[in-house]
Amino acid sequence: MSELRFVRLGFGEDAVDYQVAWDKQREVHAARFEDEIEDTCLLLEHPPVYTAGRRTEESERPLDGTPVVDVDRGGKITWHGPGQLVGYPIMKLPRPVDVVAHVRRLEEALIRTAADFGLETTRVEGRSGVWVLGDPVESRPAVGGLSLDLAPGIDPRLTTAEFDPRLNGPEYAPSNAGQRREDRKLAAIGIRVAKGVTMHGFSFNVNPDNTWFDRIIPCGIRDAGVASLANELGRDITIEEVLPVVERHLRDVMATAEPKPRDVEAEQRAVRESERTPVA
């Protein structure tokens with residue numbers, strides 16, 4: 001990969017409308033495909049907007065009919081807005097493209113960023129993005145502050161597939177996951193790869209109003225919530241402070257990575273081998 005360059009498109013009063021940024025992504029994507037420019041990461045804030053990836057279900061959208069922009073990235077529905085740093089790395093990957101490896105590199109850069117501010121984050125198996133881990137289920141306070149054991153038989157979210165936190169009061173709201181000491185997502189990742197070049201990217205919650213997430217089922221996840229750097233650390237942090245740290249870690253991670261194409265033949269051999277292995 002070429003050296004990653006950064007373009008700061010707009011923040012605060014100059015926040016960039018989602019459609020304008022999407023058009024800019026397409027423009028940069030076309031130029032990167034033709035090798036007219038090097039790998040480029042667009043950094044910006046958006047005015048408040050809900051966007052839905054290809055896997056979003058109708059039941060995860062706002063109940064009040066708030067408009068949602070349907071986009072061509074992976075993943076489900078999320079929110080972008082003030083206090084959230086959005087990054088769109090537009091990068092040419094080797095073929096066959098290893099999308100998972102690209103996502104892991106983005107996660108690593110954001111995990112390092114959070115660590116620089118004193119917040120420990122991690123990955124959660126089966127769930128992309130960067131997470132603040134909660135307490136074990138058995139030691140969390142019960143919803144409503146009662147000292148009950150939130151075992152699977154008590155917490156309706158863990159036993160009822162149709163449970164909707166939007167209809168069950170603020171105690172189940174994604175924005176209150178920290179108070180419930182549950183897992184909560186600090187940064188979301190959703191990408192698309194077209195012609196071997198990535199689009200879309202990540203959103204990193206610096207100091208947004210996380211109650212915006214309460215109108216939706218963020219990323220389609222009902223049993224966890226959202227976090228922000230400022231809330232987790234209990235102090236004021238601005239996007240201006242976070243910007244150079246994110247840039248440094250993205251540049252370092254991409255510079256030291258050795259992206260390789262997926263070994264499709266090895267994957268196929270592994271599948272054939274697993275099919276031949278008898279099950280005890």
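The values are calculated or read from the model by the stated rules, or taken from the named source; none is laboratory data. Quick caveat: nothing in here was measured; it's all calculated off a predicted structure. Here the Cβ positions follow ideal geometry from the backbone for every residue, glycine too, while neighbour counts run over all protein chains shown. Side chains included, ligands, DNA and RNA excluded: accessible areas come from the protein's heavy atoms. Shrake-Rupley method; radii C 1.70, N 1.55, O 1.52, S 1.80 Å.
Starting at the first residue of the stretch 18-28, write each ³J(HN,Hα) from the Karplus equation 6.51 cos²θ - 1.76 cosθ + 1.60 with θ = phi - 60°, in whole Hz, x for Gly and Pro.
My calculation for the stretch 18-28 gives 4, 5, 4, 5, 5, 4, 5, 4, 4, 5, 5 Hz in order.
What is the spin-label model distance, in nm, from residue 194 to residue 27 if the labels are put 7 Å beyond Cα along the C-beta direction?
1.5 nm
Among 215-221, 244-250, how do they line up by average Cβ neighbours within 10 Å per residue, starting with the highest?
215-221, 244-250
State whether the stretch 204-244 is rounded, prolate or oblate according to the following rule on the C-alpha gyration tensor (a ≥ b ≥ c being the square roots of its eigenvalues): a/c under 1.5 gives rounded; otherwise a/b larger than b/c gives prolate, and the remaining case gives oblate.
Taking the square roots of the gyration eigenvalues as a ≥ b ≥ c, the stretch 204-244 is prolate.
Take residue 101 and residue 116, extend 7 Å from each Cα along the Cα→Cβ direction, and tell me the distance between the two endpoints in nm.
Label-label distance for residue 101 and residue 116, simple model: 2.5 nm.
How far is it, in nm, from the label point at residue 168 to the one at residue 35 when both lie 7 Å from their Cα along the line to the Cβ?
The answer from the label model is 5.5 nm.
How would the stretch 64-121 be classified by its alpha-carbon gyration tensor: rounded, prolate or oblate, with rounded meaning a/c under 1.5 and the a/b versus b/c comparison settling the rest?
Oblate is the answer for the stretch 64-121, as a/c is 1.5 or above yet b/c matches or exceeds a/b.
Would you give the gap between the C-alpha center of the stretch 189-210 and the C-alpha center of the stretch 4-64, rounded to a whole Å?
Value for the Cα centre distance between the two parts: 8 Å.
Put 195, 76 in order of accessible area, largest first, 1.4 Å probe: what do you get?
195, 76
Would you mind classifying the stretch 1-47 by shape? Square roots of the alpha carbon gyration tensor eigenvalues, ordered a ≥ b ≥ c; an a/c under 1.5 is rounded, otherwise it is prolate if a/b is larger than b/c and oblate if not.
oblate
First measure r as the distance between the Cβ atoms of residue 238 and residue 58, then evaluate 1/(1 + (r/R0)^6) with R0 = 45 Å and state the FRET efficiency to the nearest 0.05.
0.80
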